[in-house]
Amino acid sequence: MATMQQDGLIQKAQQLQHQAVQELQALSSVKECEEFRVKYLGRKGQLAHLLDGLKTLPPAERAEAGRILNALKETLTAELEKRLTQFALAEKEARLRAEALDVTLPGRRHKLGSLHLITQVTKELEDIFVRLGFEVVTGPEVETDYYNFEALNMPKDHPARDDWDSFYIEGFDDLLLRTHTSPVQIRVMQHRRPPVKVVVPGKCFRRDATDATHSPVFHQIEMLWVDRGITLAHLKGTILAFIEEFFGKNFEARFVGDYFPFTEPSLQVHVRRKGSDRWLEILGAGMVDPAVLQEVDYDPEEYTGFAFGLGVERMAMLKYGVDDIRMFYQNDIRFIETF
Ligand code: FA5
């Protein structure tokens, strides 16, 4: 027969069970399950509180009351675990659903950049010259007066210097931004004996008025071939070969007499699309002047050579039908994307 005290405890246990089962059914998340566990099954929870009450029972009754409370604890724990597993599973599924990739969505396109047309044309020309047996070398953009003028047969008072007016480096009378790639001819020949067969791509700078065919910064490719027995025929043959290779058969070239202090004889080359009435000057050329060969200790009786310097922008303008050189530098994306 149950005593009063035991009755009280069992009654409380039943109330607790009733309330807990109701709450269990209302649980809706893992978090709420955790709160439930603390409230009922935790160290300071309601069940622990009832278990504490066992101490107040007479020893003979404790066993029975303890069994009831332990059974309740087991029931609540098992139910809670069941709910917890359900929610954990549901929450995992929801998370996976949220993270799922929709592989049917169209991808985001990344725009691929490309080389600037001037760089493309420079590379294309370098490739042609390399196939013709030339080696690519480069030189400094800031030059001394000696390499830019003096060694190229243009002493200080030479009037031809006026054609190549440049930008001088403040505080250094002797230093300027090179006006052409020809100074690299001297730099190469000073360090090598013939045969010399090089091409020199690079930037040049001039105080030229800007117009449709002139820019104060532009690109040249210099070509130099010095060896025994080089003649004007080699010069013409090489120029015609690379022009045909670069432009194809729809263009034609003409040679026109010119003057450069560092070549003798000198000439310039014009190119036009067949059928067009507009020629464009693309390069200056000539046989290396004996005075230049002597400057680098080559014997002009033994060696001869030819050189030319072509304007890369002009080549690109002709081939790709660009009417104004300024288009290359304005960075208009519609123009850049065309090539
Ligand atoms: C020279 O610069 C000589 N050094 C070329 C040379 C080399 C002659 C070796 C003989 C032997 P010129 O100033 O003509 O020459 O320039 C050569 C080419 O560079 C021109 O035909 C033109 O295509 C290009 N060019 C010259 N100035 C400009 C400029 N301001 N803007 C764009 N292109 C230019």
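Details
- Output for region 190-229, where each listed residue is more than 13 Å from the ligand (Cβ to nearest atom) and surrounded by 17 or more Cβ atoms within 10 Å (Cβ to Cβ): Pro194, Val196, Lys197
- Residue that is farthest from Leu235 (Cα to Cα), among those in region 293-329 that are in a loop (DSSP other than H, G, I, E, B) and either within 15 Å of the ligand (Cβ to nearest atom) or of a type in the set (A, V, I, L, M, F, W, C) (or both): Tyr329
- Glu281 vs. criteria in a strand (DSSP E or B), within 13 Å of the ligand (Cβ to nearest atom) and either at pLDDT 95 or above or assigned by TED's automatic domain parsing to the domain that holds Gln190 (or both): yes
- Selection of region 86-127 for residues being touching a residue at least 40 places away in the same chain (Cβ under 8 Å) and assigned to a loop (DSSP other than H, G, I, E, B) yields Ser114, His116.
- Positions within region 133-173 being modelled with pLDDT under 95, away from the ligand (no atom under 14 Å from the Cβ) and either surrounded by 16 or more Cβ atoms within 10 Å (Cβ to Cβ) or acidic (Asp, Glu) (or both), in sequence order: Asp157, Glu170, Asp173
- Residues being of a type outside the set (D, E, K, R), more than 10 Å from the ligand (Cβ to nearest atom) and either touching a helix residue (DSSP H, G or I) at 6+ places or on another chain (Cβ under 6 Å) or free of Cβ contacts under 8 Å to residues at least 60 places away in the same chain (or both) - total across region 248-270: 7
- Here Ser182 fits the description: within 16 Å of the ligand (Cβ to nearest atom) and either in contact (Cβ under 8 Å) with a residue 12 or more places away in the chain or touching a Gly at 6+ places or on another chain (Cβ under 6 Å) (or both).
- In summary, Arg187 fulfils each of the numbered conditions (1) within 12 Å of the ligand (Cβ to nearest atom); (2) farther than 14 Å from Gly309 by Cβ; (3) not acidic (Asp, Glu) with the single exception of condition (1).
- Pairing each residue of region 296-308 that is charged (D, E, K, R) with any residue that is surrounded by fewer than 14 Cβ atoms within 10 Å (Cβ to Cβ), provided the two are 6+ apart or on different chains, yields C-beta distances under 9 Å for Asp297/Gln190; Glu302/Arg228.
- Thr77 touching a helix residue (DSSP H, G or I) at 6+ places or on another chain (Cβ under 7 Å) and surrounded by 12 or more Cβ atoms within 10 Å (Cβ to Cβ): yes
- Screening Gln19 with (1) under 30 Å from Lys92 (Cα atoms); (2) more than 60 Å from the chain's Cα centre (by Cα); (3) buried (at least 16 other Cβ atoms within 10 Å of the Cβ) gives one miss only, at (3).
- Some residue of region 261-272 being closer than 25 Å to Pro300 by Cα, surrounded by fewer than 16 Cβ atoms within 10 Å (Cβ to Cβ) and either of a type outside the set (Gly, Ala, Ser) or not assigned by TED's automatic domain parsing to the domain that holds Tyr320 (or both): yes
- Qualifying residue in region 95-117 (condition: among the charged types (D, E, K, R) and either closer than 30 Å to Ala307 by Cα or in contact with a strand residue (DSSP E or B) (Cβ under 9 Å, 6 or more places away or on another chain) (or both)): no
- Subset tally (residues that are modelled with pLDDT of 90 or more and farther than 21 Å from Met315 by Cα) for region 100-132: 0
- Test: residue in region 223-235 that is within 35 Å of the chain's Cα centre (by Cα), in the same structural domain as Leu176 (by TED's automatic domain parsing) and in contact (Cβ under 8 Å) with a residue 60 or more places away in the chain: yes
The values are calculated or read from the model by the stated rules, or taken from the named source; none is laboratory data. All of these numbers come straight from a predicted model, not from anything done at the bench. Glycine also receives a Cβ, built like all others from the backbone with ideal geometry; neighbour counts cover every protein chain displayed.
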